1. Could you report segment 163-239's accessible area per residue, 1.4 Å probe, as an integer in Å²?
2. Pairs 278/308; 120/140; 120/308; 120/298: which are spaced more than 28 Å apart, C-alpha to C-alpha?
3. In segment 204-307, carbon and sulfur make up what percent of the accessible area (probe 1.4 Å)?
4. Once amide H atoms are built 1.01 Å from N in the peptide plane, which residues 5 or more positions from residue 321, or in another chain, come under 5 Å H to H?
5. State to the nearest 20 debye the size of the charge dipole of segment 71-189 about its Cα centre, where the only charges are +1 on K and R beta carbons and -1 on D and E beta carbons.
6. Counting other Cβ atoms within 10 Å, keep those with at most 14, restrict to DSSP loop, and tell me which chymotrypsin sites (Phe, Trp or Tyr not before Pro) in segment 213-298 are left.
7. Residue by residue through segment 57-68, which ³J(HN,Hα) values in whole Hz follow from phi under the Karplus form 6.51 cos²θ - 1.76 cosθ + 1.60 (θ = phi - 60°), with glycine and proline marked x?
8. Show me 59-69, 28-38, 196-206 ranked by packing, highest mean number of other Cβ atoms within 10 Å first.
Amino acid sequence: RVSPLACAMLVAWLASLAAAESLISYDVATPAGLERAWFGQVQLDVSRHRVASWKLHKDNLLALTTGGAVHSFNAETGETLWVTQVGPLDQAAAGPAANDQYVALVSGAELYVVDRITGKLLWSRTLGSAPAAAPALSEKYVYVSFYNGRVEAYRLDDHTTTPWYSQSIGRIFHSPTASGQMVTWPTQRGYLYVGRANDPRVLYRIETSSPATAPPSALHQLLYVTSADGHIYAFDELSGNEVWRYSMGYVGTGRPAVVGDRLYAASSEPMLHAVDAKTGEPLWTFPGITQFVAQGLKHVYGLDDLGKLVIVDVETGNYIDTLAGSNYQAVFNEQSDRVFLVTDRGLVQSLHEIGAVEPTMYRELAPEVEGEAAPTDEAVPPVEQAPVAPTVPLGEEPTEEENPFQEEGAEDIANPFNFGE
């Protein structure tokens, strides 16, 4: 009979073998113009759990396991900063989200907030129902979306206060996006809601021809949305007016990445599209890539449908090389030039272009992300007089779908957009 200790040792040994086989050697990385800066291992029991998701926030790389644990790495050195068991073991969790002070995640119907520096659990709160996706953090609030179209916001410094909420038209399947002073979330009815992030209030909503396929991205005071109709839309963040649209021809497969003045989006064709982020002018396309990974100083990196890391020239979109090996997974990185390859067993490797010892931080080059001024009431159209099409005034509700949460003959008091007669 095998003892529990022997089983644990066997599991650890098998995990170390798997990690060794997955490590990218210098002989493999160098011909592709890359070098490995560091590698690390998430603390988890691989016989029971896997890494569910990763989140990069500036110099901090966070991993969330299916066992409800969060592992924090220094993204530049690979040093483990802390490991915290947050949610219950073996309960589905979503996240993590992060800002400069906090990390948040949801597990079951519970919201958890952790100190980003120390990993200490600060507070938790039971939610009304199961969330639809990972939360989002502004400077002062944590936002949670629900399948029934409701979005709630809790104060980070005082979670006991009554949460702000908004009832949207249509179900929600994606996380909100909090960027600077704005927060946005899409619904499956094709609406994109835009509000204040640190003083919760819906400013306006935008109607697109079909639902968003991923959470929006924000930069340059523009909101970028990939839609099921095969378009990328860019909307002015303050007014909601459409600035440009770009047709990919096929459905977008993930959140658009905005790196400096460039936008990258993958379509189901599959194809990686590079577009001027301010004008929507096409720069180049490259076939076969299903996921954007990162942009270096010389090259752009993406994964193909076999999990191979494909390397493309940043200026021309010409093919450069493919990293030996396959079945790679990667962290979505629009913040820096680092390539983070990961496995669901917790192995993480940081690669960068040869000679790029110091990281290039793209988001720190854009001052409006960190210090943009909050929109004034004069700059934003009032909700009763929202911008012209495709934005819809908040007082005019579509009538083709009834509210499933309203009893027959009763006033829809749960809908904050119901202004009565």
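1. Normalised by residue count, the accessible surface of segment 163-239 is 25 Å².
2. Details: 278/308 30 Å; 120/140 18 Å; 120/308 37 Å; 120/298 39 Å.
Long pairs (Cα-Cα over 28 Å): 278/308; 120/308; 120/298.
3. Of the solvent-accessible surface of segment 204-307, carbon and sulfur hold 50 percent.
4. 311
5. Approximately 480 debye in magnitude.
6. Sites meeting the loop and neighbour criteria: 250.
7. 10, 6, 9, 10, 10, 10, 10, 10, 9, 5, x, x
8. On the way: 59-69: 22.0, 28-38: 17.0, 196-206: 20.0.
Averaged packing, sorted descending, gives the order 59-69, 196-206, 28-38.
The values are calculated or read from the model by the stated rules, or taken from the named source; none is laboratory data. Here the structure is a predicted model, which is why all the values come from computation and not from measurement. Every residue, glycine as well, gets a Cβ built from its backbone with ideal geometry; the counts of neighbours run over all protein chains shown. SASA here: full protein model, heavy atoms, side chains in, ligands and nucleic acids out. Shrake-Rupley method; radii C 1.70, N 1.55, O 1.52, S 1.80 Å.
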